[in-house]
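Take a look at the structure set out below.
The values are calculated or read from the model by the stated rules, or taken from the named source; none is laboratory data. Quick caveat, the model's predicted, so the values are computed rather than measured. When we count neighbours, we look across all protein chains shown, and the Cβ atoms used for this are built from the backbone with ideal geometry, even at glycine.
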Amino acid sequence: MAAHLRVLHGTRDRVTAATAPALAPPLTESLDVPRHLKAKTRAWYQQVCERWELSSAQLRLLELACVAWEEHEAARAAVKRDGLMIIGSDGTPRLHPCVVTGRSARAQFAALIAQLDLDEDEVLQ
């Protein structure tokens with residue numbers, strides 16, 4: 001089993017097969033992945049939980065990050081479908097409202113990931 005990092009009580013410790021039995025059982029046995037998330041986001045949530053030992057508060061932050069990511073993806077899809085500019089009710093072109101939604105969701109996602117202090121390779125892509 002390859003060594004990997006887990007966040008334990010706010011510090012990063014190296015976990016190996018020799019030290020793993022001293023840890024709590026894997027989170028996958030008792031992990032309740034939020035069901036409202038899409039399959040790809042649920043998989044990422046579970047992957048992060050398997051790699052990092054997170055407190056209940058950190059799990060909530062992770063869930064909120066997942067929701068922000070999905071909002072970003074939905075906004076991006078709407079802009080891709082409708083275009084950057086749409087025709088307003090008065091007949092003049094205006095910025096698609098999902099541009100602002102997507103920008104806000106990206107900022108929320110980035111802030112939540114920074115709070116969780118996840119490694120770059122764990123960020124959802």
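Only one of the numbered conditions (1) at pLDDT 50 or above; (2) in contact with a strand residue (DSSP E or B) (Cβ under 8 Å, 6 or more places away or on another chain); (3) hydrophobic (A, V, I, L, M, F, W, C) is not met by LEU23, and that is (1).
Does SER56 meet the test of being loosely packed, with under 14 Cβ neighbours inside 10 Å, within 17 Å of the chain's Cα centre (by Cα), at pLDDT 85 or above and of a type in the set (Gly, Ala, Ser)?
Numbers: loosely packed, with under 14 Cβ neighbours inside 10 Å: yes; within 17 Å of the chain's Cα centre (by Cα): yes; at pLDDT 85 or above: yes; of a type in the set (Gly, Ala, Ser): yes.
When the stated conditions are applied, SER56 passes them.
Answer yes if at least one residue in region 36-47 is of a type outside the set (D, E, K, R), surrounded by 14 or more Cβ atoms within 10 Å (Cβ to Cβ) and modelled with pLDDT under 90, and no otherwise. No, region 36-47 contains no residue that is of a type outside the set (D, E, K, R), surrounded by 14 or more Cβ atoms within 10 Å (Cβ to Cβ) and modelled with pLDDT under 90.
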